[in-house]
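Take a look at the structure set out below.
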Amino acid sequence: MQIHEFQKMMCQLYFKRDSERGINGTFNWLVDEAEELGEELRKGANREATEKEFADVIAWLASLANIMGIDLEKAAISKYNFKCPKCQNSPCKCTF
Ligand SMILES: [Zn+2]
């Protein structure tokens, strides 16, 4: 499955509810799920639970993109097209 296929699946599953909730409410869910992922990473104990939190983050990101009318795959590839968008190298040679 490619990113655009996942996004389309999320659209089929949740678009009506997502669009009724709106951008701010959906963004808040994404933030909550990212925080839950962070908690699982800090615990570091349960790989299956961590995988589920990764799934929730990408699901809510796709939901937000759907109600914004943004093609996640197009956006990601146009910015990160096999090279770092800042230094233009692969792998990245930026100094942090
Ligand atoms: Zn770089």
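The values are calculated or read from the model by the stated rules, or taken from the named source; none is laboratory data. This one's a predicted model, so the numbers in the text were calculated from it and none came from an experiment. Note that each Cβ is placed from the backbone with ideal geometry, even for glycine, and that neighbours are counted across all protein chains shown. Surface areas here come from the heavy atoms of the whole protein model, side chains and all, with no ligands, DNA or RNA. Shrake-Rupley method; radii C 1.70, N 1.55, O 1.52, S 1.80 Å.
Numerical summary
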read-out	value
Residue in the stretch 77-96 that is least open to solvent (accessible area, probe 1.4 Å), counting only those that are within 20 Å of E5 (Cα to Cα) and within 16 Å of the ligand (Cβ to nearest atom)	N81
Filter result for the condition that a residue is touching a residue at least 60 places away in the same chain (Cβ under 8 Å) and away from the ligand (no atom under 16 Å from the Cβ), over L41, L72, L64	L72
Within the stretch 51-93, considering residues that are closer than 28 Å to R21 by Cβ and polar (S, T, N, Q), the one farthest from the chain's Cα centre (by Cα)	S78
Subset of the stretch 35-59 (residues that are closer than 19 Å to I3 by Cα and open to solvent by less than 100 Å² (accessible area, probe 1.4 Å))	E53, A55, D56, V57, I58, A59
